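*Asks:* This is the structure, below, for whatever I ask next.
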Amino acid sequence: MKSFRMLFILVVLFSIVILGGCSFTSSGDTATPLPTLVQETPTLFVLASPTAISVPPTLTASPIPVTPTPSPTLPPPTLAPVRFNFAPGYTSGSVKGNLQPGQTQNIVFNAGAGQLTFVTADSPNMDVTIGISGANGQVLVSPSQKWTSWKGYLPSTQDYIVQVIGGATTENFEVTFVIPVRIAFAKGATSGGVATTLAPDQVQSYVVNAGGGVPMLVNTDNYNTTMTIFGASDGIVLVSNWSATKGLPGWQGMLPSSQDYVIQVIAPASSQSVNLVVSIPARISFATGATSATRSGSTPKGNVVEYVAWGAAGQTMDLKLTSTNGPAVLLVYGFQLGQWMLYRNQYQTTFSTVLPASQDYIIGVVPTDGTVVNYTLTVSIH
C-alpha cells in the first residue's frame with residue numbers, strides 16, 4: 001500500500017512541473033491565472049478478506065486389533081514310569097502321586113498268570129482313572145472306559161502297565177494293588193492254610209475256591225485279629241465289617257455259589273502271629289432211595305478231613321470209621337446251631353445218635369497221631 005501511495009505522489013509532482021513549465025509567457029502578456037489543482041483523494045484498493053478454505057480434518061488411523069493365533073494346547077508332559085513291588089510278606093501296597101489335568105503316570109508291576117488282582121485308583125474328586133495293559137500289548141482296561149478300579153485274573157506271567165490319567169484338576173492320587181495269596185488244598189484234603197506274622201494294622205489277603213451250597217470254616221487261631229470275606233466274582237459279602245469277627249478266632253457260614261472267595265485278615269495296632277486254616281467240608285449226598293454212603297481217602301499231611309451231611313430232626317445218624325497204617329477217630333457237631341455231639345478227645349470210631357435239629361452236620365476224620373492215615377467212613381441217616 002505504501003508503494004502505491006508514493007507512486008501516486010510522484011506522478012502528481014511530475015505533472016505539476018510539466019504544467020508549470022508550459023505556463024510561462026512573455027512579460028507583455030496578461031497572466032492567465034493558473035487553475036487550482038485539487039488533489040484527488042487516492043482510491044484505496046481494499047483487498048477482500050481472505051475466504052477461509054475448509055480443509056478436511058486429518059483422519060487419525062485407529063489400530064485394528066489383531067487376534068493372536070492361539071498357541072496349540074500341549075498336553076502336560078508324561079511322567080516317567082515307576083515300578084511297583086510288594087513289600088516282603090505283604091499282599092497289598094500302593095503308589096501315591098500328583099497329576100495335572102489329563103496327565104499320565106504309568107505304573108509297572110509284575111505278576112503271574114491266573115493271579116486274582118485288584119487295582120483301585122483313589123483321588124479327592126474321584127476322577128482319576130486307569131487303563132491296564134500287558135507288556136505284550138494285550139489290553140485289560142482301555143483308558144477310554146474311564147474306570148477307577150478293576151479286578152480280574154491276569155492272562156499270563158509278564159509286566160503289566162497301569163496308566164493313571166489325571167482328572168479335571170490338578171490333584172493327588174493313590175493307586176492300590178491287591179494280589180491275594182491262594183490257599184490250595186492238597187489232593188483229598190478238605191482244608192488248607194498258612195502261618196504268618198502280621199505287622200501292626202496290616203491287611204493280608206487270601207483267596208480260596210469253593211463250590212456253592214457247602215459250609216466254609218475259617219480259623220485264625222488268634223482272638224485279636226479280625227477279617228472280611230467276600231466273593232471275588234459276584235462281590236457278595238459274607239463278612240462285611242471287620243468288627244463282625246472281633247474277639248473271635250474265626251468265622252463259619254454257608255457258601256452261596258461256586259467261585260473264589262477272598263479272606264482278608266486284619267491285624268490290630270500290634271504285631272500278630274496267625275495260623276490261618278480254611279476248611280470246606282465235602283458234602284455227602286445219598287443216591288435216590290438210599291440212606292447211606294461211603295467215602296474213602298487219606299488225611300493229607302496229617303490234617304483233619306471233614307464232611308457235611310444234612311439230617312432232619314428226629315432222624316438217626318450212624319457213623320462207622322475204619323483206618324489203616326494209623327489210628328483215626330470221629331468228631332461230630334451241628335453246623336448251623338453249633339451243638340457239639342462228639343469230641344475228638346472221646347476217641348470214638350463208631351457213633352449213633354438221634355438228630356436234635358434239621359440242619360447240616362459236620363463229620364470229621366481225625367488222625368490222632370497227626371500222620372497220614374488211610375480211612376473208610378460210612379454215614380447212614382434214616
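Every number here is computed from the coordinates shown, using simple stated rules; none is lab data. As the structure is a prediction and not an experimental result, all values here were calculated from the model. Quick reminder, even Gly has a Cβ in these numbers, built from the backbone with ideal geometry, and neighbours come from all protein chains shown.
*Asks:* Quick one: Cα centre-to-centre distance for segment 116-157 and segment 327-367, in angstrom?
*Replies:* Centre-to-centre distance over Cα atoms comes out at 48 Å.
*Asks:* Quick query: amide H of Phe84 versus all other amide H atoms, modeled in the peptide plane; which residues come in under 5 Å with a sequence gap of 5 or more or a different chain?
*Replies:* When sequence neighbours closer than 5 places are left aside, the close amide H contacts are Val108, Phe109.
*Asks:* Only four residue types carry charge here, +1 at the Cβ of Lys and Arg and -1 at the Cβ of Asp and Glu. Report the dipole size of segment 199-305 about the Cα centre in Debye, rounded to the nearest 20.
*Replies:* Magnitude of the dipole: close to 300 debye.
*Asks:* Sticking to Cα atoms, compute the Rg of segment 82-178 to one decimal and its Dmax as the biggest Cα-Cα distance, whole number, in Å.
*Replies:* 12.7, 37
*Asks:* In whole Hz, with x marking every Gly and Pro, tabulate ³J(HN,Hα) for segment 327-344 from phi via Karplus 6.51 cos²θ - 1.76 cosθ + 1.60, θ = phi - 60°.
*Replies:* Values, residue by residue: x, 8, 10, 9, 9, 9, 7, x, 6, 5, 9, x, 6, 7, 10, 8, 8, 5 Hz.
*Asks:* Continuing with the same structure: With θ taken as phi - 60° and the coefficients 6.51, -1.76 and 1.60, list the Karplus ³J(HN,Hα) couplings across segment 151-166 in order, rounded to whole Hz; mark glycine and proline as x.
*Replies:* Values per residue, Gly and Pro as x: 9, x, 9, 6, x, 7, 7, 5, 6, 10, 10, 9, 8, 9, 10, x Hz.
*Asks:* Let me ask something else. In nm, give the distance between the simple-model label positions of Tyr153 and Tyr223, each being 7 Å from the Cα along the Cα-to-Cβ direction.
*Replies:* Once both label points are built, they end up 4.0 nm from each other.
*Asks:* Could you give the semi-axes, largest first, of the ellipsoid that matches segment 181-258, computed as the square roots of 5 times the alpha carbon gyration tensor eigenvalues and rounded to whole Å?
*Replies:* Semi-axes (√(5λ), whole Å): 20, 16, 12.
*Asks:* Taking 41 Å as R0, compute the FRET efficiency from the Cβ-Cβ separation of Thr368 and Asn110 and round it to 0.05.
*Replies:* Values: r = 45 Å, r/R0 = 1.10.
For Thr368 and Asn110, the calculated efficiency is 0.35.
*Asks:* Then there is this: With unit charges on the beta carbons (Lys and Arg positive, Asp and Glu negative) and the dipole taken about the Cα centre of segment 82-178, which residue among Gly102, Val178, Ser123 sits farthest to the positive side?
*Replies:* Result: Val178.
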